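What follows is a single structure, written as structure tokens, with notes after it.
The values are calculated or read from the model by the stated rules, or taken from the named source; none is laboratory data. All of these numbers come straight from a predicted model, not from anything done at the bench. Backbone-built Cβ (ideal geometry, glycine too); neighbour counts: all protein chains shown.
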Amino acid sequence: MKALLIVSLLTLTACAETTQAVDGVARRSAKAAVAETFATRFPMVPKAAVTPFSDCVIDNASAREIGEFAKDAVIGVSETTVALVRSVIERPETQSCITKAGLAALTA
């Protein structure tokens, strides 16, 4: 019985680590798509603010939205990507993050 419990715990730990690794890869890919979107479709965003703004969008996106952004990193940024970025930007938490990030980028 103890052995079964130990094996179960090890399996759960391995699954959690795998999930974290997959999530990390998806977030990095998603961040690349969002950064490309800011750089190519939002010309008013200063170059120094692209990375911090992208971080704000990813940090406030749902798992489904991150999946969509990660897919766009592979197939290319489209108007659907732009619409999704705008949707996440409209959230109060994202706006607050972008305001702070923008001030930091401008004073750096």
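Computed quantities for the displayed model
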quantity: Some residue of the stretch 53-76 being over 15 Å from residue 30 (Cβ atoms) and touching a Lys or Arg at 6+ places or on another chain (Cβ under 9 Å); calculated: no
quantity: Qualifying residue in the stretch 64-73 (condition: at positive phi and surrounded by fewer than 13 Cβ atoms within 10 Å (Cβ to Cβ)); calculated: no
quantity: Verdict on residue 61 being surrounded by 18 or more Cβ atoms within 10 Å (Cβ to Cβ), modelled with pLDDT of 95 or more and not in a helix (DSSP H, G or I); calculated: yes
